[in-house]
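Here's the structure we're looking at; comments come further down.
The values are calculated or read from the model by the stated rules, or taken from the named source; none is laboratory data. If you're wondering where the values come from, they're calculated on a predicted model, not measured in any experiment. Glycine gets a Cβ as well: all are built from the backbone with ideal geometry, and neighbour counts include every protein chain shown.
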Amino acid sequence: MVSLAEQGKKHQPLVKIEWDKLVIVIWRDIEHPMEEAHLIDSVDILNVSKAGLLRVKHFNLKAEQEPKLEVNLSELKEWTYKIQARCNLHGTWEDEITL
């Protein structure tokens, strides 16, 4: 059985800022497979506020697509965001960033 730490290496979103873009990759050490039987099928960017979580952006990913997204920073406000990536086999994994 694969440990949670090992699963995290290919499921945990990694969020970083590169120039004028928010870059989201869905892997830490091992790139996540993107096959029909096992893939990251969606990614949500959620605003974290006192009222709870509000979905700001939603992306559907498909098999054979690289598990990476780029969003122009001009589309986001200076808030804290949760990035949630959903694997069709292993559930939802998340990271957080404050702009």
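Observations on the structure shown:
- Residues (out of contact with any Phe, Trp or Tyr (no Cβ under 6 Å at 6 or more places or on another chain), surrounded by 16 or more Cβ atoms within 10 Å (Cβ to Cβ) and under 23 Å from E18 (Cβ atoms)) located in segment 70-86: V71, L76, Y81, K82, I83, Q84
- Filter result (acidic (D, E) and part of a strand (DSSP E or B)) within segment 64-99: E70, E94, D95, E96
- Residue within segment 45-64 that is surrounded by 13 or more Cβ atoms within 10 Å (Cβ to Cβ) and modelled with pLDDT under 90 present: yes
- Looking only at segment 40-63, and only at residues there that are touching a strand residue (DSSP E or B) at 6+ places or on another chain (Cβ under 7 Å) and outside any strand (DSSP E or B), the one that is nearest to W19 (Cα to Cα): L61
- Hits in segment 15-32 (condition: among the hydrophobic types (A, V, I, L, M, F, W, C), over 14 Å from L89 (Cβ atoms), at pLDDT 85 or above and surrounded by 14 or more Cβ atoms within 10 Å (Cβ to Cβ)): V15, L22, V23, I24, V25
- The residue list E75, E64 contains one member that is of a type in the set (D, E), over 15 Å from E94 (Cβ atoms) and in contact with an Asp or Glu (Cβ under 9 Å, 6 or more places away or on another chain), which is E64.
- Among residues of segment 72-92, those that are of a type in the set (A, V, I, L, M, F, W, C) and closer than 13 Å to L46 by Cα, counted: 4
- Contact map, segment 61-78: residues that are closer than 12 Å to L99 by Cα paired with residues that are assigned to a loop (DSSP other than H, G, I, E, B), Cβ distance under 9 Å, separation 6+ or inter-chain. Pairs shown: L73/W19; L73/D20; L73/L99; S74/D20; L76/L99; K77/L99; E78/L99.
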